[in-house]
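Input: a single structure, listed below in structure tokens.
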Amino acid sequence: MTKKESKFKKQRRLGTLLPGLGDKKAKGPLAKRPYPPGQHGPESRRRSSDFGLRLKEKQKIRYHYGLKEKQLRNLISKSKRKESNWINTFSSLVERRLDNVLFRLGFFPTIPSARQATVHGHVLVNGKKCDIPSAIIPIGAEVSLKGAYNDNVLVVQTKKEPTLELPHFLKLEKKDKQDVGTVIDNPRLEDIPFEFEPQYVIEYYGKLK
């Protein structure tokens, strides 16, 4: 059985902080060890091959959003069917996944924690329970938490100190004393909250239909 790599090691190996895994800033995985994990980490910043560079960029997306390779490919195929410059459509789809919307609204500190709450039935979309983290939330839809879950310790703490600022494509307001988020616009490529090279991702999946 392959040992699961920790979220800190993933970020160190990629050399990029991925907010979806928990942005610890000064206490983060790159603060004290800005090099890949392993015995030869500090000396192993060798130049990657062209394939390695493209693989690294697409892995950033996979790990940040918590996607399996099949899920990522399905989203890209769907995006390619909508427009030739598919990276823009892909950005909108991946940022409007329910688990990510909950994270970007500041309800949860990480995408995995938002996913767990969704699967356990604590999330409402337009007032109805939705337990599918991968659901793509349409523009105009409202996202909230079930009444009692708004008092969850993790939720309360995250609302005080959200991992990221509220993006332009979301609105957060009080309704009946509960926080309710609304998707008000299409996310753009620049809304992906970490550094990556879009062209490398486009080239990596160039032959995917």
Mind checking which aspartates and glutamates have their Cα closer than 13 Å to the Cα of Lys171? Skip sequence neighbours fewer than 8 apart in that chain.
Glu142, Asp179, Asp185
Proximal aspartates and glutamates to Lys207, defined as alpha-carbon separation beneath 19 angstrom and excluding residues fewer than eight positions away on the same chain:
Asp50, Glu57, Glu69, Glu83, Glu197
Suppose all protein chains stay in the model; what accessible area per residue would a 1.4 Å probe give for segment 54-191, in Å²?
48 Å²
With θ taken as phi - 60° and the coefficients 6.51, -1.76 and 1.60, list the Karplus ³J(HN,Hα) couplings across segment 90-95 in order, rounded to whole Hz; mark glycine and proline as x.
4, 4, 5, 5, 5, 6
Would you kindly derive the ³J(HN,Hα) couplings of segment 64-71 from the backbone phi angles with the Karplus curve 6.51 cos²θ - 1.76 cosθ + 1.60 (θ = phi - 60°), listing them in order in whole Hz, with x for Gly and Pro?
4, 8, x, 9, 7, 4, 5, 4
A student applying the Cα gyration tensor rule (rounded when a/c is under 1.5; otherwise prolate if a/b is larger than b/c, oblate if not) would label segment 113-209 prolate
Cα-based Lys proximity count in segment 64-146, under 16 Å, for pairs eight or more positions apart or on separate chains
5
Given R₀ = 45 Å, what would the calculated FRET efficiency be for Ser48 paired with Gln157, taking r from the Cβ atoms and rounding to 0.05?
0.70
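The values are calculated or read from the model by the stated rules, or taken from the named source; none is laboratory data. What you are looking at is a predicted structure, and each value in this text was computed from that prediction instead of being measured. For neighbour counting, all protein chains shown are included, and Cβ atoms are generated from backbone atoms with ideal geometry for every residue, glycine included. Each accessible area value is taken on the protein alone, full model and side chains, heavy atoms only, with ligands, DNA and RNA left out. Shrake-Rupley method; radii C 1.70, N 1.55, O 1.52, S 1.80 Å.
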